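Heads up: the structure comes next, in structure tokens.
The values are calculated or read from the model by the stated rules, or taken from the named source; none is laboratory data. A quick note: this is a predicted structure, and the numbers were derived from the prediction, not measured. Every residue, glycine as well, gets a Cβ built from its backbone with ideal geometry; the counts of neighbours run over all protein chains shown. Heavy atoms of the whole protein, side chains included, go into the accessibility calculation; ligands, DNA and RNA do not. Shrake-Rupley method; radii C 1.70, N 1.55, O 1.52, S 1.80 Å.
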Amino acid sequence: MIRLNDHYFKLQASYLFADIGRRVAAYQAEHPQRDIIKLGIGDVTRALPDACVKAFHRAVDEMAADASFRGYGPEQGYAFLRERIAAEDFQARGADISADEIFVSDGAKCDTGNFLDILSADNRVGMPDPVYPVYVDTNVMAGHTGEFVDGRYQGLVYLEGGEANAFVPPPPEEALDLIYLCYPNNPTGAVIAREQLTRWVEYALAHKALILYDAAYAAFIRDERLPRSIYEIKEARKVAVEFRSFSKTAGFTGTRCAYTVVPRDCVAWTAAGEKKPLHALWTRRHTTKFNGVSYPVQRAAEAVYSTEGREQTRSLVSYYLENAGIIRAALGEMGFACIGGENSPYIWVDCGGDAWAFFDRLLERSGVVCTPGDGFGRCGRGHVRISAFNDRENVQTAMARMREAGF
Ligand code: PLP
């Protein structure tokens with residue numbers, strides 16, 4: 001008899017986006033003339049940088065001629081891209097990462113989930129709350145949790161974020177084996193200071209733990225005092241794997257290119273207590289289960305590091321950061337306490353009560369959509385996430401409508 005992975009039945013249906021969609025559709029049906037501004041979405045809205053588009057086209061033309069055609073490529077990514085990544089995203093910032101420690105992939109989302117393939121189911125997992133839900137759900141699917149009781153999965157250790165710690169939870173007293181950190185954070189927009197990240201690295205070293213560091217929004221960091229990579233912290237190479245993505249850096253959400261860094265001296269232990277490098281296992285997993293990112297997409301990603309590409313991606317990210325600044329300033333004037341929106345595309349707003357009630361009020365009075373924080377964990381209650389991924393005009397109109405509506 002064929003059996004299912006029963007762990008899937010522990011998963012909670014994702015009511016969040018379905019509920020948002022239902023409420024927006026009902027409002028639209030009642031107000032067919034009203035144009036609704038969606039500030040709830042975490043997807044980019046602007047076109048690929050010109051340098052990437054040109055490189056993409058050139059690579060497609062190469063595929064059209066026998067002499068330059070490419071078949072299967074290296075699963076870990078072409079050297080031309082891995083070398084640029086290592087040199088520009090890490091070595092140029094004093095982080096000791098080499099090209100053979102970079103694994104090019106089709107998404108940071110997939111990689112954060114896939115990485116669990118090479119880790120034991122017995123690890124004590126530290127899960128931030130609020131959190132990017134993929135980390136939780138992939139642990140549930142892999143059978144790393146118990147049942148869902150009172151809004152939380154048994155077996156996970158929740159690292160609670162709140163106003164008291166500015167949504168940057170510190171290391172706990174108890175020992176954890178696997179820790180998820182995401183900065184700049186989705187959903188809160190919080191960033192982590194060098195000293196705070198150093199404490200996490202020291203904690204991981206002391207407990208022989210592993211940090212999965214999601215830096216998908218690293219390109220939004222403009223404050224030079226903030227670390228863009230965990231490898232800017234001493235000895236982090238021994239205890240951290242980092243996930244990066246071209247999705248938000250260069251508008252690649254529909255093009256698909258990302259990478260994972262697994263340093264050679266990052267280790268974990270077998271059941272028998274033997275120390276093993278993660279690099280070898282991840283190489284095995286990645287080359288067996290993944291075919292590599294297509295050649296034209298890797299050429300488009302490489303163009304991010306060209307002189308023009310660098311300028312264009314910087315200006316793309318600046319555009320969203322300016323949107324975030326407009327939103328944050330406007331909400332501040334309206335009297336809301338917010339975090340994020342600086343060095344981050346997300347603004348996390350204390351809505352002073354039930355987030356769904358605020359969502360309904362905002363939609364009803366202003367025709368603006370936000371994301372209720374409840375969808376990101378228990379600690380997200382009483383907050384909403386507003387995204388800066390939108391056109392400038394929409395952002396300005398949304399803020400003007402909120403002011404007019406007396407928010
Ligand atoms: N990590 C975080 C924190 C995200 O918010 C997202 C997308 O919203 C991703 C990863 C996904 O990145 P990718 O598009 O590379 O899969």
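Conditions: (1) more than 20 Å from residue 399 (Cα to Cα); (2) open to solvent by 60 Å² or more (accessible area, probe 1.4 Å). Residue 53 meets all but one. Number of the miss? Result: residue 53 fails condition (2) only.
Within the range 327-374, if we keep just the residues that are of a type in the set (Phe, Trp, Tyr) and in contact with a helix residue (DSSP H, G or I) (Cβ under 8 Å, 6 or more places away or on another chain), the residue that is nearest to residue 184 (Cα to Cα) turns out to be 346.
Of everything in the range 329-350, what is in contact with a Cys (Cβ under 9 Å, 6 or more places away or on another chain) and buried (at least 23 other Cβ atoms within 10 Å of the Cβ)? Give them in sequence order.
In the first step, residues of the range 329-350 are kept if they are in contact with a Cys (Cβ under 9 Å, 6 or more places away or on another chain); the result is 331-332, 336, 347-350.
Listed by number, the residues that qualify are 347, 348, 349.
Annotation note: Cβ proximity below 8 Å between a residue of the range 244-255 that is open to solvent by 10 Å² or more (accessible area, probe 1.4 Å) and near the ligand (Cβ under 10 Å from one of its atoms) and a residue that is assigned to a loop (DSSP other than H, G, I, E, B) and acidic (Asp, Glu) (sequence gap 6+ or interchain) occurs for 253/43.
Across the range 123-154, which residue is surrounded by the most Cβ atoms within 10 Å (Cβ to Cβ) among those that are polar (S, T, N, Q) and within 16 Å of the ligand (Cβ to nearest atom)?
Taking the range 123-154 as the starting set, the residues that turn out to be polar (S, T, N, Q) are 123, 138-139, 145, 154.
Remaining after also requiring within 16 Å of the ligand (Cβ to nearest atom): 138-139.
Numbers: 138: 17, 139: 24.
Looking at the filtered set, the residue picked out is 139.
So is residue 204 free of Cβ contacts under 8 Å to residues at least 40 places away in the same chain, surrounded by fewer than 22 Cβ atoms within 10 Å (Cβ to Cβ) and either in a strand (DSSP E or B) or of a type in the set (A, V, I, L, M, F, W, C) (or both) or not?
Numbers: free of Cβ contacts under 8 Å to residues at least 40 places away in the same chain: yes; surrounded by fewer than 22 Cβ atoms within 10 Å (Cβ to Cβ): no; either in a strand (DSSP E or B) or of a type in the set (A, V, I, L, M, F, W, C) (or both): yes.
No.
Test residue 188 against the stated conditions and say whether it is crowded, with 23+ Cβ neighbours inside 10 Å and polar (S, T, N, Q).
Numbers: crowded, with 23+ Cβ neighbours inside 10 Å: yes; polar (S, T, N, Q): yes.
It is true that residue 188 is crowded, with 23+ Cβ neighbours inside 10 Å and polar (S, T, N, Q).
For the range 94-108, the set of residues classified as surrounded by 19 or more Cβ atoms within 10 Å (Cβ to Cβ) and either away from the ligand (no atom under 16 Å from the Cβ) or assigned to a helix (DSSP H, G or I) (or both) consists of 95, 97, 101, 108, listed by residue number.
Please work out which residue is farthest from the ligand (Cβ to nearest atom), limiting yourself to the range 14-50 and to residues that are open to solvent by 80 Å² or more (accessible area, probe 1.4 Å) and touching a strand residue (DSSP E or B) at 6+ places or on another chain (Cβ under 7 Å). Filtering the range 14-50 for residues that are open to solvent by 80 Å² or more (accessible area, probe 1.4 Å) and touching a strand residue (DSSP E or B) at 6+ places or on another chain (Cβ under 7 Å), the one farthest from the ligand (Cβ to nearest atom) comes out as 38.
When 111, 66, 122 are checked against the criterion of being within 30 Å of residue 5 (Cα to Cα) and part of a loop (DSSP other than H, G, I, E, B), 122 stands alone in meeting it.
Where strands (runs of 3 or more DSSP E) sit wholly within the range 321-407, none has at least 3 residues that are over 25 Å from the mean Cα position of the chain (by Cα) and within 24 Å of residue 159 (Cβ to Cβ).
Answer yes or no: is there a residue in the range 155-178 that is out of contact with any Ser or Thr (no Cβ under 9 Å at 6 or more places or on another chain), in contact (Cβ under 8 Å) with a residue 60 or more places away in the chain, under 26 Å from residue 247 (Cα atoms) and more than 14 Å from the ligand (Cβ to nearest atom). There is no residue in the range 155-178 that is out of contact with any Ser or Thr (no Cβ under 9 Å at 6 or more places or on another chain), in contact (Cβ under 8 Å) with a residue 60 or more places away in the chain, under 26 Å from residue 247 (Cα atoms) and more than 14 Å from the ligand (Cβ to nearest atom). For the structure I just gave you, tell me whether residue 11 is open to solvent by less than 40 Å² (accessible area, probe 1.4 Å) and either farther than 25 Å from residue 301 by Cβ or at pLDDT below 95 (or both). When the stated conditions are applied, residue 11 does not pass them.
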